[in-house]
1. Non-local amide H neighbours of His13 (under 5 Å, H modeled in plane, Pro and chain starts lacking H): which ones?
2. Per-residue ellipticity at 222 nm for the chain, helices alone: DSSP H runs ≥ 4 residues times -39500 (n - 2.57), over residue total, nearest 500 deg cm²/dmol?
3. Is the C-alpha gyration tensor of the range 90-142 telling us rounded, prolate or oblate? Criteria: a/c under 1.5 is rounded; beyond that, a/b larger than b/c is prolate, otherwise oblate.
4. I need the trypsin sites (Lys or Arg not before Pro) found in the range 17-50, filtered to DSSP loop residues with at most 11 other beta carbons within 10 Å of theirs.
5. Which trypsin sites (Lys or Arg not before Pro) in the range 105-160 pass both tests, a DSSP loop state and at most 12 other beta-carbon atoms within 10 Å?
6. Anything over 24 Å Cα to Cα? Flag those among Lys48/Lys145; Lys37/Lys91; Lys18/Lys145; Lys57/Lys126; Lys57/Lys91; Lys114/Lys145, in the order listed.
7. In terms of the Cα gyration tensor, with a ≥ b ≥ c the square roots of its eigenvalues, is the range 71-162 rounded because a/c is under 1.5, prolate because a/b exceeds b/c, or oblate?
8. What percent of all Cα-Cα pairs in the chain falls into each 5 Å bin, going from 0 up to the bin containing the maximum distance?
Amino acid sequence: MAKIKCSIVAMEHSEEFKQRFLELLSDLDCKKSEIPKLLNIDYNVYIKITEFGIIQKPVVLIRIADYFDISVEFLLGRTNNSYFIKAETAKTFLERYQALKAEKNLTDYAIAQKLHITTSYTTNWKNKNYMPSIINLIELSETFKVSIDYMLGRTDDREKFL
């Protein structure tokens, strides 16, 4: 478990993510100053990604992935497979989380134990409609053996992209 945890923690900053983002930007036909507005992201977020490869909150990753019509998995550099089919009817993270939890017959307590978080954190996902951090989304996708994009409700394709 410690080995997996280390690789996930390293995901907060990723050269693969930075390079993939820069590669996607190279195909845009606009001025660099226009890119943040085009992607509906803050200029400071743009700089943090392009200069340092800092992985952003899931909502920002979704905006970027939606603009380029790619998976979050591909954007993060977790796969080289650019294949992505958007769900006809998007689901919320909470809908997917609850369905997967029921399917695997897991409780919030069991999930919290697996992710090394408190149950109050999982309660916030339900009661306050919070979205987990990217680190927890990765761990959840591993726990449920689905892609991050499936967890986020962006696709109906459960398969992880390899």
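1. Amide H neighbours of His13, under 5 Å, 5+ apart: Ile55.
2. -16000 deg cm²/dmol
3. Rounded, because the longest to shortest axis ratio a/c is under 1.5.
4. Filter output for the range 17-50: Lys31.
5. Filter output for the range 105-160: Lys128, Lys145.
6. Listed pairs above 24 Å: Lys48/Lys145; Lys37/Lys91; Lys18/Lys145.
7. Prolate is the answer for the range 71-162, as a/c is 1.5 or above and a/b outweighs b/c.
8. 1, 8, 18, 21, 20, 16, 10, 4, 2, 0, 0
The values are calculated or read from the model by the stated rules, or taken from the named source; none is laboratory data. The structure presented is a predicted model; accordingly, all values stated were derived computationally and were not measured. We place every Cβ from the backbone using ideal geometry, glycine too, and count neighbours over all the protein chains shown. To get the accessible areas, we keep the full protein, side chains included, count just its heavy atoms, and leave off ligands, DNA and RNA. Shrake-Rupley method; radii C 1.70, N 1.55, O 1.52, S 1.80 Å.
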